[in-house]
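Q: Sharing a structure with you now.
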Amino acid sequence: MTRTQVFAQLPFDSRIFVAGHAGLVGSAIVRALGRHGFSNVMVRTRAELDLLDQAAVQRFFAQEEIEYVFLVAGKVGGILYNASHQADFLYENLTISANVIKAAADHGVEKLLYTGSSCIYPKLSPQPIREESLLSGPLEPTNEGYALAKIVGLKLCEKYHRQYGKRFVSAMPTNMYGPNDNFHPDHSHVIPGMMRRFHEAKEQKAGSVTVWGSGMPRREFLYVDDFAEAALVIMDRYEEPTTINVGTGDDVTIRHLAEQMQDVVAFQGEILFDTSKPDGMIRKVLDVSRIRELGWQPCVGLVEGLARAYSWALRSGKLAESRVATETQAR
Ligand code: GDP
């Protein structure tokens, strides 16, 4: 398959801005654009362009004549950090979304892709979660601030689409993992958190490692480079105002994940489960019929993805450091 067959609508010399290029998702999108030969990709560090500063964002869009925007910037963090900083999560994500979407609308951007997250669907959504579940019930209280901001971002794209005919679309990814993830011991999501714990247990030659919860909950995991491929497909040919789920459609138990992690990290000891830690939702998996119809499917299986993520984490030194579990302009 040639490049042009893959991305028929997206010219290879278009001026593309990736907002949030340093994070898990943004860095994967930059890698994917590079792989496919897009030659005019723009990124800005936070010091160069503060996305919370509306005037600066307006100036940037006025000067740079940007044609395509991947808006994956935002404040992210695991459940603990999210729950205790809800005002910051709400304000920062809302402001970044509003500033970038408005500037894109004002300055003639051809197309914009915004990303939500499967955790902004209602707490009690029927599984697998369909796109129609959005706003159909109460949110998970621990990340209400984050979810509200992201829902507004999604809806802002939809409203610009419907009112002004803007090609602003949004994607709803499942749990992603990979290079540039947050490997904080307590504030991260399950894959990087568990990877750190297994790695440390191996280093310390411990007889056992403890995994949070009962091991029974089921989760769906997507390697972030697969998501980036989906993001390019959506940018190329998804034109609906409503969001589109991106996931594998398959889920595994946390116990299964732990067993795979044990193999990948080559930890010899026993796996214990700490049932005093919360399980969270018993199941969270997306209905992926729509994205399948667009012709995308994931290529990186869980074991291969874990191996790649582990290798990146070792090379980058992320498992050696203990850092604060938040990154603006990330996932
Ligand atoms: P969730 O998908 O929003 O529930 O977010 P998480 O990724 O934080 O957790 C998913 C599941 O993994 C929950 O059932 C956790 O109890 C379980 N889990 C097991 N070990 C860990 C760990 O080391 N870190 C985290 N965050 N979750 C873990």
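Q: Could you run through the range 100-142 and say how many residues are among the basic types (Lys, Arg) and over 21 Å from the mean Cα position of the chain (by Cα)?
A: Step one: of the range 100-142, the residues among the basic types (Lys, Arg) are 102, 111, 123, 130.
Checking which are over 21 Å from the mean Cα position of the chain (by Cα) leaves us with 102.
Result for the range 100-142: 1.
Q: Give the range 244-272 a look and list any residue that's part of a strand (DSSP E or B) and within 23 Å of the chain's Cα centre (by Cα), or say none. Steps first, answer last, please.
A: Of the range 244-272, the ones part of a strand (DSSP E or B) are 244-246, 252-253, 270-272.
Matches in the range 244-272: ILE244, ASN245, VAL246, VAL252, THR253.
Q: Kindly establish whether TRP312 is on the phi < 0 side of the Ramachandran plot, more than 14 Å from the ligand (Cβ to nearest atom), out of contact with any helix residue (DSSP H, G or I) (no Cβ under 9 Å at 6 or more places or on another chain) and at pLDDT 95 or above.
A: On the way: on the phi < 0 side of the Ramachandran plot: yes; more than 14 Å from the ligand (Cβ to nearest atom): yes; out of contact with any helix residue (DSSP H, G or I) (no Cβ under 9 Å at 6 or more places or on another chain): yes; at pLDDT 95 or above: yes.
Here the answer is yes, as TRP312 does meet what is asked.
Q: If the requirement is being in contact (Cβ under 8 Å) with a residue 40 or more places away in the chain, of a type in the set (A, V, I, L, M, F, W, C) and within 16 Å of the ligand (Cβ to nearest atom), which of these qualifies: ILE254, ILE291?
A: On the way: ILE291 fails: within 16 Å of the ligand (Cβ to nearest atom).
Every option except ILE254 fails the conditions.
Q: Right, something else. State which residue is farthest from the ligand (Cβ to nearest atom) when the search covers only the range 224-251 and only residues that are farther than 18 Å from CYS157 by Cβ and open to solvent by 10 Å² or more (accessible area, probe 1.4 Å).
A: Only one residue fits best here, namely GLU229.
Q: So, one more: From the list LEU124, LEU80, LEU135, exactly one residue is open to solvent by 70 Å² or more (accessible area, probe 1.4 Å) and at positive phi. Which is it?
A: None of the other options fit; the residue is LEU135.
Q: Here's something else I'd like to know. Could you list, in sequence order, all residues of the range 166-221 that are surrounded by fewer than 18 Cβ atoms within 10 Å (Cβ to Cβ), among the small types (Gly, Ala, Ser) and more than 11 Å from the ligand (Cβ to nearest atom)?
A: Hits for the range 166-221 are ALA206, GLY207, SER208.
Q: Same structure again: Looking at the range 85-103, I want the residues that are closer than 14 Å to PHE70 by Cα and have a partner that is charged (D, E, K, R) and in a helix (DSSP H, G or I) with Cβ atoms under 8 Å, at least 6 apart or on another chain. Which pairs are those?
A: Close Cβ pairs (under 8 Å, with a partner that is charged (D, E, K, R) and in a helix (DSSP H, G or I)) amount to SER97/LYS150.
Q: Does ARG315 count as open to solvent by 40 Å² or more (accessible area, probe 1.4 Å), basic (Lys, Arg) and without any contact (Cβ under 8 Å) to a residue 24 or more places away in the chain?
A: Details: open to solvent by 40 Å² or more (accessible area, probe 1.4 Å): yes; basic (Lys, Arg): yes; without any contact (Cβ under 8 Å) to a residue 24 or more places away in the chain: yes.
Taking the combined requirement at face value, the residue satisfies it.
Q: Considering every residue within the range 38-47, establish whether at least one is assigned to a helix (DSSP H, G or I) and either over 26 Å from ALA309 (Cα atoms) or out of contact with any Ser or Thr (no Cβ under 7 Å at 6 or more places or on another chain) (or both). Talk me through it step by step, then tell me what you get.
A: Initially, the range 38-47 is screened for residues assigned to a helix (DSSP H, G or I), giving none.
The answer is no, given that none of the residues of the range 38-47 is assigned to a helix (DSSP H, G or I) and either over 26 Å from ALA309 (Cα atoms) or out of contact with any Ser or Thr (no Cβ under 7 Å at 6 or more places or on another chain) (or both).
The values are calculated or read from the model by the stated rules, or taken from the named source; none is laboratory data. Being a predicted model, the structure only gives us computed values, none of them experimental. Virtual Cβ from ideal backbone geometry, glycine too; neighbours counted across all protein chains shown. Ligands, DNA and RNA are excluded from the accessible area calculation, which covers all protein heavy atoms including side chains. Shrake-Rupley method; radii C 1.70, N 1.55, O 1.52, S 1.80 Å.
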